[in-house]
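Visitor: If you scroll down you'll find the structure; I have some questions about it.
The values are calculated or read from the model by the stated rules, or taken from the named source; none is laboratory data. What you see is a predicted model; the values in this text were computed from it and never measured. No Cβ is skipped: glycine too gets one built from the backbone with ideal geometry, and neighbour counts run over all protein chains shown.
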Amino acid sequence: MKVLLIGANGQVGQAFLNDKKQHIIVHAYDHASLDVTNYALLEKTFLEKSPDLVLNTSAYTNVDKAEKEKEQAFKVNCTGPENLAKLCAKANTPLIHLSTDYVFSGEKKESYLETDETYPINYYGYTKREGERAIQNSHKQHLILRVSAVFSAIKINFVKTLLRLAKEHSSLSVVNNQITCPTAALDIAKALHQIIQAIFLGETPWGIYHFCSAEAVSWYNFAKTIFEAAKLPIEITATDHYPCLAKRPAFSVLNCKKIHDHFSLTQPLWRTSLPSIINTLLRDT
Ligand SMILES: NC(=O)c1ccc[n+]([C@@H]2O[C@H](COP(=O)([O-])OP(=O)(O)OC[C@H]3O[C@@H](n4cnc5c(N)ncnc54)[C@H](OP(=O)(O)O)[C@@H]3O)[C@@H](O)[C@H]2O)c1
């Protein structure tokens, strides 16, 4: 089976490529080789490759910058997915798209269900929610996977940023009033492979699904665990305020019962996935 992968150089795109499966031929395109906002080029690529499934891991993911670069963020996170959905609809091809916990306000006191009302509190979250809606309105055969706080040894993410800051600072302050579920890109890639397998076995599980690690944690406690695992003696203080452009949801925890029921996917443990990523980062930097 042929999978057209868009955004191949990102955290999830790279993890998907690294988690190779023999029965899948992946036609992978990074930003430079295929811009998701370029409909004509997407159409040409569709005709050339005639994929059995499209996986969109491309996105504008800089949450603070999105407050300023609104037009670009909207194009990548909404117009791009809409382009893909329209082409997939024409070709009768399933589309898997990645979305985010940031479509929610974070004001709920328990984990968010797929059926909960979305209410993004920053522009990035708004563009991702609009991207979801554009897909839903254009193509029935879609599966939108909302994930949270992705980390890996590449690109920009919390784990990598903390290890970089540890080289320059002996103490750091980290927010303690935002709860999330950090999720390794490789765990998401494995889930994607399982979902793709199910689709090719004839399941038609279209709709929105949540997938994230099992243990919710504050960024402060996540930072503590990272430095303990890295054996770095950094002093961290908990703070309620960290100056940044975009507001963040306070309680950003996704309920993953639906994906478990449909695909038998269990939630990974970030504590288990973290050490190998830290080792790679310490070795490579
Ligand atoms: N990162 C997180 O913490 C997080 C949390 C929740 C949900 N998500 C969602 O999960 C998905 C994967 O995230 P990720 O962490 O893997 O993101 P990432 O590492 O930032 O990768 C996104 C990729 O998209 C590419 N891209 C940007 N604009 C593009 C365009 N116009 N056309 C084609 N490609 C373009 C980027 O290339 P360049 O870098 O070269 O521009 C980058 O390689 C996204 O849908 C994201 O919204 C991420």
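Visitor: Which residues, counting only those in the stretch 44-64, are of a type in the set (K, R) and in contact (Cβ under 8 Å) with a residue 40 or more places away in the chain?
Guide: K49
Visitor: A further question on this structure: State which residue pairs qualify: first residue more than 19 Å from I188 (Cα to Cα) and among the small types (G, A, S) and inside the stretch 10-37, second residue more than 13 Å from the ligand (Cβ to nearest atom) and at pLDDT below 95 in any location, beta carbons under 7 Å apart, and separation of 6 or more residues or different chains.
Guide: none
Visitor: Just wondering, is there one or more residues in the stretch 52-60 that are more than 17 Å from the chain's Cα centre (by Cα) and either farther than 17 Å from A191 by Cβ or buried (at least 16 other Cβ atoms within 10 Å of the Cβ) (or both)?
Guide: yes
Visitor: Can you find a residue that is part of a strand (DSSP E or B) and among the hydroxyl-bearing types (S, T, Y) anywhere in the stretch 215-228? Don't jump to the end; show me each part of the working.
Guide: Of the residues in the stretch 215-228, the ones part of a strand (DSSP E or B) are 217-218.
Pick out the ones that are also among the hydroxyl-bearing types (S, T, Y) and you get 218.
Scanning the stretch 215-228 turns up at least one residue that is part of a strand (DSSP E or B) and among the hydroxyl-bearing types (S, T, Y).
Visitor: Q141: more than 8 Å from the ligand (Cβ to nearest atom), touching a residue at least 60 places away in the same chain (Cβ under 8 Å) and surrounded by fewer than 23 Cβ atoms within 10 Å (Cβ to Cβ), yes or no?
Guide: So Q141 fits the description; yes.
Visitor: Check off (1) buried (at least 20 other Cβ atoms within 10 Å of the Cβ); (2) more than 27 Å from A246 (Cα to Cα); (3) of a type in the set (G, A, S) for G7 and give me the number that stays unchecked.
Guide: (2)
Visitor: Output the number of residues of the stretch 261-279 satisfying the condition of being in a loop (DSSP other than H, G, I, E, B) and either among the basic types (K, R) or surrounded by 13 or more Cβ atoms within 10 Å (Cβ to Cβ) (or both).
Guide: 4
Visitor: Could you list all residues from the stretch 5-19 that are more than 9 Å from the ligand (Cβ to nearest atom) and polar (S, T, N, Q)?
Guide: Across the stretch 5-19, the qualifying residue is only N18.
Visitor: Looking only at the stretch 17-37, which residues are modelled with pLDDT of 95 or more and surrounded by fewer than 15 Cβ atoms within 10 Å (Cβ to Cβ)?
Guide: N18, I25, A32, S33, listed by residue number.
Visitor: Restricting to the stretch 144-168, what's the tally of residues that are crowded, with 21+ Cβ neighbours inside 10 Å and polar (S, T, N, Q)?
Guide: So the answer is 2.
Visitor: Is it fair to say Y209 is in contact (Cβ under 8 Å) with a residue 24 or more places away in the chain and assigned to a strand (DSSP E or B)?
Guide: yes
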